[in-house]
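Colleague: Quick one: this structure, given as structure tokens, is what I'll be asking you about.
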Amino acid sequence: MDNDYVRRCPSCGAENAPTVMRCACGALLVGVDLVRPQPANPAAAPLEPEPTAPPASLLCGYEDCAQANPPGTEICLYCNRPLAGETALTPDDRARSLLNLPEALKHRYRILQPLPTRGAEAELLLVEAVDGGATRVAKIYRHGILPRREVQERIARVDVAHRVDVLETGVSEGYAYELMEFCGEGSLRRLMDGGPLQPVVLGNVVGELAEAIADVHAAGLIHRDLKPENVLIRARQPLDLVLTDFSISSILDATQRFTGTARTLPYAAPESLSGVIDGKADYWALGMIVLEGALGRHPFAGLSEPVILHHLTTRRIDHAEVPDRNLRKLLSGLLQRDPKLRWSAGEVKRWLAGDTSLAEPQDQGAISGFAEPYHIAGEICDKPEQLAVALAQHWREGVSDLANGELLAWFRDVQKNQDVVRLLLDNKFEKKLATDVQLLKLILHLAPGIPPVWRGESIELPAILSQANRALKGDADAAHRLDQLYRHRVLEIYAQAGNRQAYDLVQKWHQACDRFSQAWQDKLAIIARNHDPAQDYQEAVNFGQLLYGTSQPERPPLAAMHARLLAIAYAPSWSERLRRRLVQELARLALHCPWLVELGDPQSMDAAELLVVEALLPEAQKAAARRIKAGERQRMAENHEYHTLQGRLVVLMSVLRDTATERLATPFVCAELREMAVQYLGLIAVLQASGRTDPAWLEMQQNALRGKRAVDQLLVELDDLSARRAITAGWLNPSVLGFVLLAALFAPFTPALGVKSIVFIVLGIAVWRLLPDWFKMRKIRRLADKLYWPKRKIGV
């Protein structure tokens, strides 16, 4: 059966499922009846996608707001509209619309600039005549949406002095359009954003709006969406206000009318929640505008819709903070919860005229007070809200009264409020909450809409971001306060109480924490797959790390990360500065810490990954330092090896040369020469096997090889000399010498030989065996003379 009926949005006409209580355009559907769906209309084709542009500023892009919001805010804190997207301020604040003017207008007007609009039914365009003339506003309805003729006719009856002048209406190419005057002074919102308005100015505002509302009602209409954004300033001196945006106006054809609930909740009358309203609803909105103007802020600022709805249905609007008594009287009349008792045109007119006989409005049950006041830090608290504010302002005293049981005894024995007593006991004994958290829970129970405060200090978004900024600059106290907020879930408590800003902050904060945790695990996995940063080049293995598995980098404590997490959530510019710094750091460390490069390019990382890389920088710097130190040790070892090897080569070459040239080449000396030559060739082999290519080593190798040929020849000559000496030793052994001696003795008795013959034979043998040896030794000396080492030496 649910599929047979839908809830049709009274604002944009969209059909929603029966269970949907809010349309995509933002309108509530609580009081909208179920109807059968209409057949699909193929002619109603969707528009082209609207242009989106990244926000170049955190100013709200809506001209009727234009408020500054904290960095990273997505929803305007003042008008609750998105900051990013088609309505965000562009660098020149003149973004072009994708819409074209309908045929009936495009030949006469050209688009100057699209105007911000949150409505789902039409586009607003700032246009000017092609042939020159005044600037106008063109309202182009979505294709297939036609304004109700009866409403348009009644709007036309409203005096143009009280409404935006509609110069032309029509339908062209299926698009309904309206051409209206342009009020360059902006909306009443711009005037109210300057701070609390003086009573004289507020009186002028009341006079202008009261006349406009009366004229609208006289035309048979209820505006239903009266708010500062829908009140335009035609002139400032004297103040001339006009109404605009009658898109959800209802026809006032009876005392009351049942209608859809599309309206702006902070200015909606309590009876509008049921959908049954009359003209008194516009006077409630007037009262809320006056109250906001007098206070300089809306009483519902920062509250979520559920909290606002609860307040509207259960409590009256407190205007005790308004300093002007006469204004308080007006507000008491306009903000009566009962429409029958609420002031309307007659009473407002008398108030404007200063009629002293105008009776004070009935007090519909003031905010419930205490049976007896509670005294704290010199303040007397008669109401729950007063006590909540006093406890928030005097936090230390509140914690003391809570810890010593003073508050519990007072609520139990004096107020006899069992709900509060039960809350205090449950928080202390069952949940065992910290005393500060117990106090916070009590404060929010007494005043759910109180602005966020913790330990006597504001914790609204600007204050939180200010704390984060100080923590980023090294303020340990600020970092500790942020950690306390996170550990005690303070903002979550406010979010549960209905504070929309706290809810958004909690979501972003926790999302940043989750993104950081995931990025940390991802980066550690990359490190584990490729490198162990704790065991770098030539680093000794730590047995404790191997035994207990603590070799991976230690994750930074969350307490030290909160400021950075908030920075990436709310300050994109901070993330970009971090990105630029990391690019420089990685360029410096990459050569000495290869695993750091494998984490990725900072230019393509998201903000959470940048935080991880920043957290790993100390470990990377240690690894780089270890690697640099190891490299220095290696260079020192290589330098020592170089000088040692070169020294040995020089000494060997020198000793080899001196020994060969200055000493007689006896067999013992030749053995020494051969041993030194072999050592020299061995050192050359070591030098070649090192594979070093730096200039000093190459020059040393070149110098060593310069003498290698002479040493090789020297070895050949030494071996040859040794062989000849072995043969000579055979000829000159004792047996041969004995035979020669016997021959010499018997020579006189042997005429055939004679003594001379024997002498010639002996001399011939000696010359034959010894003269070549002498030439060999001479050649060895000449070869040794070629061995030298250049005096110029190049160190490593």
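The values are calculated or read from the model by the stated rules, or taken from the named source; none is laboratory data. Because the structure is predicted, anything quoted here is derived from the model rather than measured. Please note: Cβ atoms are built from the backbone with ideal geometry, for glycine as well, and neighbour counts cover all protein chains shown.
Colleague: If I ask for residues that are surrounded by fewer than 19 Cβ atoms within 10 Å (Cβ to Cβ), of a type outside the set (Ser, Thr, Tyr) and not in a loop (DSSP other than H, G, I, E, B), which ones from the range 454-465 would you list?
Modeller: 457, 462, 463
Colleague: Yes or no: residue 708 closer than 30 Å to residue 781 by Cβ and not hydroxyl-bearing (Ser, Thr, Tyr)?
Modeller: Details: closer than 30 Å to residue 781 by Cβ: yes; not hydroxyl-bearing (Ser, Thr, Tyr): yes.
Yes: the conditions hold for residue 708.
Colleague: Residue check: is residue 620 outside any helix (DSSP H, G or I), buried (at least 19 other Cβ atoms within 10 Å of the Cβ) and in contact (Cβ under 8 Å) with a residue 40 or more places away in the chain?
Modeller: Numbers: outside any helix (DSSP H, G or I): no; buried (at least 19 other Cβ atoms within 10 Å of the Cβ): yes; in contact (Cβ under 8 Å) with a residue 40 or more places away in the chain: yes.
No: the conditions fail for residue 620.
Colleague: Checking residue 185 against (1) assigned to a loop (DSSP other than H, G, I, E, B); (2) among the acidic types (Asp, Glu); (3) more than 26 Å from residue 211 (Cβ to Cβ), which test does it fail?
Modeller: So the condition that residue 185 fails would be (3).
Colleague: If I filter the range 300-314 for residues that are charged (D, E, K, R), modelled with pLDDT under 90 and within 41 Å of the chain's Cα centre (by Cα), do I get at least one hit? Break it down stepwise before answering.
Modeller: Going through the range 300-314, the residues charged (D, E, K, R) turn out to be 305.
Keeping just the survivors that are modelled with pLDDT under 90 gives 305.
Checking the rest, the ones that are also within 41 Å of the chain's Cα centre (by Cα) come to 305.
Yes - at least one qualifying residue is present in the range 300-314.
Colleague: Scan the range 189-206 for residues that are under 21 Å from residue 281 (Cα atoms) and out of contact with any strand residue (DSSP E or B) (no Cβ under 9 Å at 6 or more places or on another chain) and jot them down.
Modeller: The answer is 202, 203, 206.
Colleague: List the pairs whose first member sits in the range 660-672 and is under 12 Å from residue 778 (Cβ atoms), whose second member is of a type in the set (A, V, I, L, M, F, W, C) and outside any helix (DSSP H, G or I), and whose Cβ atoms are under 9 Å apart, counting only residues at least 6 apart or on separate chains?
Modeller: These pairs meet every condition: 660/787.
Colleague: Those residues that are over 22 Å from residue 224 (Cα atoms), of a type in the set (D, E, K, R) and either assigned by TED's automatic domain parsing to the domain that holds residue 212 or surrounded by fewer than 19 Cβ atoms within 10 Å (Cβ to Cβ) (or both), I need them from the range 131-159; list them, please.
Modeller: 131
Colleague: Please find, among 121, 128, the residue that is of a type in the set (Asp, Glu), over 21 Å from residue 212 (Cα atoms), surrounded by fewer than 18 Cβ atoms within 10 Å (Cβ to Cβ) and out of contact with any Gly (no Cβ under 7 Å at 6 or more places or on another chain).
Modeller: On the way: 121 fails: surrounded by fewer than 18 Cβ atoms within 10 Å (Cβ to Cβ).
Only one candidate passes the filter, namely 128.
Colleague: Identify the single condition in (1) outside any loop (DSSP other than H, G, I, E, B); (2) free of Cβ contacts under 8 Å to residues at least 60 places away in the same chain that residue 179 does not satisfy, given that it satisfies every other one.
Modeller: (2) is the only condition that residue 179 fails.
Colleague: What residue, of 358, 327, is surrounded by 20 or more Cβ atoms within 10 Å (Cβ to Cβ) and either hydrophobic (A, V, I, L, M, F, W, C) or at negative phi (or both)? Spell out how you get there, then give the answer.
Modeller: Details: 358 fails: surrounded by 20 or more Cβ atoms within 10 Å (Cβ to Cβ).
Answer to the check: 327.
Colleague: Hey, any hits in the range 434-453 for a residue that's at positive phi and surrounded by fewer than 18 Cβ atoms within 10 Å (Cβ to Cβ)? Write out each step before concluding.
Modeller: The initial filter retains those residues of the range 434-453 that are at positive phi, namely none.
Checked against the condition, which is being at positive phi and surrounded by fewer than 18 Cβ atoms within 10 Å (Cβ to Cβ), the range 434-453 yields no hits at all.
Colleague: Return the residue satisfying two criteria in turn: it lies in the range 595-629 and is closer than 14 Å to residue 527 by Cα and touching a Lys or Arg at 6+ places or on another chain (Cβ under 6 Å), and of such residues it is modelled with the lowest pLDDT.
Modeller: 599
Colleague: Of the conditions (1) at pLDDT below 80; (2) not in a helix (DSSP H, G or I), residue 691 satisfies every one except a single condition; which number is it?
Modeller: Of (1) at pLDDT below 80; (2) not in a helix (DSSP H, G or I), only one is false for residue 691: (1).
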